[in-house]
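*Asks:* Sharing a structure here in structure tokens format.
The values are calculated or read from the model by the stated rules, or taken from the named source; none is laboratory data. These figures come from a predicted structure and were not determined experimentally. Glycine also receives a Cβ, built like all others from the backbone with ideal geometry; neighbour counts cover every protein chain displayed.
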Ligand SMILES: [Zn+2]
């Protein structure tokens, strides 16, 4: 969550201090040191080979990422650092999302059964979610406060689980530590050892302050695509992935921007637009290339189906992705072979609900008739 540059500066500052001799008398790392990275800086000052340190980094990262004991420790550390929300509604929603998505992930990647997620709702008020090593996951209370649609929160969590399933947090943290070590150690190899406790706290520090930094474009794209796949193996609307990105495009334009953190990369808000467009493409493919949506207008087989009205705190464009998602699911699951009907005010295509018209939408019978004509 924090920017890496800050920690790196701190790390290098610690190293500089030790290189100047201040830390030469430290010997074994002490418990009083301000942070693990300071301790590594000191250890490097007394001269340790980069390769030795890298091997120890690998070992510690592996422990946090793979051992039950290690990941329980990280879970505890994350809960302590970010606080645990006791909001009943948020926690109930979180439990439901994790149960649904765990099944969705398992349908594609059964390794999740060996390492189920350790998750919690943090007390943080910004809109963010994070996955760190060992499948430790948190979603901020601010996410639940600001995003009321469960499918959209599930889309965010699905993205995080994509990072988790592909071990992005461990890879990212390992690279981060190794880069810092390699840079810092250049020219100082005298040969010494570092206390395991010092390195552990350094890695804990990196793990709980960075989690997934959402900085690596390749990892982001992979997590986005996996998140979509997981969503299509749940009952959530697969259009929610594009819808949440649309919400962020809209939030990043107004005063809400300050509430958006790393997940949405606020310094680069066209990024949410690019990610939305990638999801639109995925959804179009999922529909067998029958359906698409742009600027609130949903089209089927190249013909306009309808312009979706704004409703339920959603803009026309955001809500249109839910209609698109329902239509895509209908095509994907073969419901398009059945007739469109109206049931209790909802337009249905076979057994798949498509849209429940709200104020500003065309009426259900008009929509069902048009759907039958163009589907
Ligand atoms: Zn990410």
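For every residue, the table says whether it meets (1) under 34 Å from the mean Cα position of the chain (by Cα); (2) without any contact (Cβ under 8 Å) to a residue 40 or more places away in the chain; (3) part of a helix (DSSP H, G or I); (4) over 16 Å from residue 292 (Cβ atoms).
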{"site": "318", "(1), (2), (3), (4)": "yes, no, yes, no"}
{"site": "321", "(1), (2), (3), (4)": "yes, no, yes, no"}
{"site": "324", "(1), (2), (3), (4)": "yes, no, yes, no"}
{"site": "336", "(1), (2), (3), (4)": "yes, no, yes, no"}
{"site": "358", "(1), (2), (3), (4)": "yes, no, no, yes"}
{"site": "373", "(1), (2), (3), (4)": "no, yes, yes, yes"}
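*Asks:* Another one. Could you list, in sequence order, the residues of segment 128-162 that are within 15 Å of the ligand (Cβ to nearest atom) and in a loop (DSSP other than H, G, I, E, B)?
*Replies:* 128
*Asks:* Check segment 216-230 and report whether any residue there is modelled with pLDDT of 65 or more, over 20 Å from residue 271 (Cβ atoms), in a helix (DSSP H, G or I) and within 16 Å of the ligand (Cβ to nearest atom). Steps first, please.
*Replies:* Step one: list which residues in segment 216-230 are modelled with pLDDT of 65 or more, which gives 216-230.
The next check asks that each one be over 20 Å from residue 271 (Cβ atoms); those that pass are 229-230.
When the remaining residues are screened for being in a helix (DSSP H, G or I), the result is 229-230.
The next check asks that each one be within 16 Å of the ligand (Cβ to nearest atom); those that pass are 229-230.
The answer is yes, given that some residue of segment 216-230 is modelled with pLDDT of 65 or more, over 20 Å from residue 271 (Cβ atoms), in a helix (DSSP H, G or I) and within 16 Å of the ligand (Cβ to nearest atom).
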